[in-house]
Amino acid sequence: MTDTEGDATRSKTITWQDPRPQAGQALTMSGLDYLNAMMDGQIPAPPISSHINLEMLEAVAGRVVMAATPDESHYNPIGSVHGGFVATLLDSVCGCAVQSTLPAGTAYTSLDLSVSFLRGLTVDTGRVVATGRVTKPGSRAAFVEADIKDASGRLLATATSTCLVFPVG
């Protein structure tokens, strides 16, 4: 196969810091304090942030808002942004919403994530904003809902998630 429109090769450099030190630090702080320290730049963002151009915009107890901007490196074989981009953003905002409710020494992990893809994304979609809301916090399990919207407020995807909550240490 010959490229008739010039060199179609693209590249993207992704950089990150070793996530282990900040993961350990997360257990010494409340989840909300940890997320706010990350937003303030005191703690590095997790490596996944570099992959999907993720930024945290807001964190309050039980609610987190993030934005991400898809690029061509997120495309699937049919010429649109891969569903994994959407699922990753939704899983991130759901998990961090739960984290915002946790005391120091407590961790979480996703048990399930159910995603509804309502509209396709392309690079033309531009920056999208995801909001995660804890619908029922708990000491063993927390339940979350989330959505992604484009700049004009159109709903692109929704999700529900259950997270396991557990003490560490």
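Write out, first by first residue and then by second, each pair whose Cβ atoms fall under 8 Å of each other, whose residues are 6+ apart or on separate chains, and whose first residue, in the range 26-40, is hydroxyl-bearing (S, T, Y) while the second is surrounded by 18 or more Cβ atoms within 10 Å (Cβ to Cβ).
That search, which allows pairs on different chains as well, returns S30/L102; Y34/A26; Y34/I43; Y34/Q99.
Only one residue in A142, A146 is among the hydrophobic types (A, V, I, L, M, F, W, C) and closer than 25 Å to Q25 by Cα, so which one is that? Full working, then the answer.
Numbers: A146 fails: closer than 25 Å to Q25 by Cα.
So the residue among A142, A146 that is among the hydrophobic types (A, V, I, L, M, F, W, C) and closer than 25 Å to Q25 by Cα is A142.
Working carefully through the options S139, S161, find the one that is small (G, A, S) and either under 16 Å from I52 (Cα atoms) or at pLDDT 95 or above (or both).
Values: S139 fails: either under 16 Å from I52 (Cα atoms) or at pLDDT 95 or above (or both).
Selected residue: S161, the only one of S139, S161 that is small (G, A, S) and either under 16 Å from I52 (Cα atoms) or at pLDDT 95 or above (or both).
Does S110 count as of a type in the set (S, T, Y) and either touching a helix residue (DSSP H, G or I) at 6+ places or on another chain (Cβ under 8 Å) or under 25 Å from M38 (Cα atoms) (or both)?
yes
Which of the following residues is at negative phi and more than 13 Å from the chain's Cα centre (by Cα): S73, S49? Explain how you work it out, then say what you get.
Details: S49 fails: more than 13 Å from the chain's Cα centre (by Cα).
Just a single option satisfies the conditions, and that option is S73.
Of all residues in the range 1-26 being among the basic types (K, R) and open to solvent by 100 Å² or more (accessible area, probe 1.4 Å), which is modelled with the highest pLDDT? Step through it out loud before you land on a result.
Let us first name the residues in the range 1-26 that are among the basic types (K, R), namely 10, 12, 20.
The next check asks that each one be open to solvent by 100 Å² or more (accessible area, probe 1.4 Å); those that pass are 10, 20.
Working: R10: 87, R20: 90.
Among them, the one singled out is R20.
Residue under question is T106, and the condition is that it be among the hydroxyl-bearing types (S, T, Y) and over 18 Å from the mean Cα position of the chain (by Cα); does it hold?
Working: among the hydroxyl-bearing types (S, T, Y): yes; over 18 Å from the mean Cα position of the chain (by Cα): yes.
The answer is yes for T106.
The values are calculated or read from the model by the stated rules, or taken from the named source; none is laboratory data. Remember, it's a predicted structure, so these values are computed and weren't measured experimentally. Reconstructed Cβ throughout: ideal geometry from the backbone, glycine too, with neighbour counts over all protein chains shown. Side chains included, ligands, DNA and RNA excluded: accessible areas come from the protein's heavy atoms. Shrake-Rupley method; radii C 1.70, N 1.55, O 1.52, S 1.80 Å.
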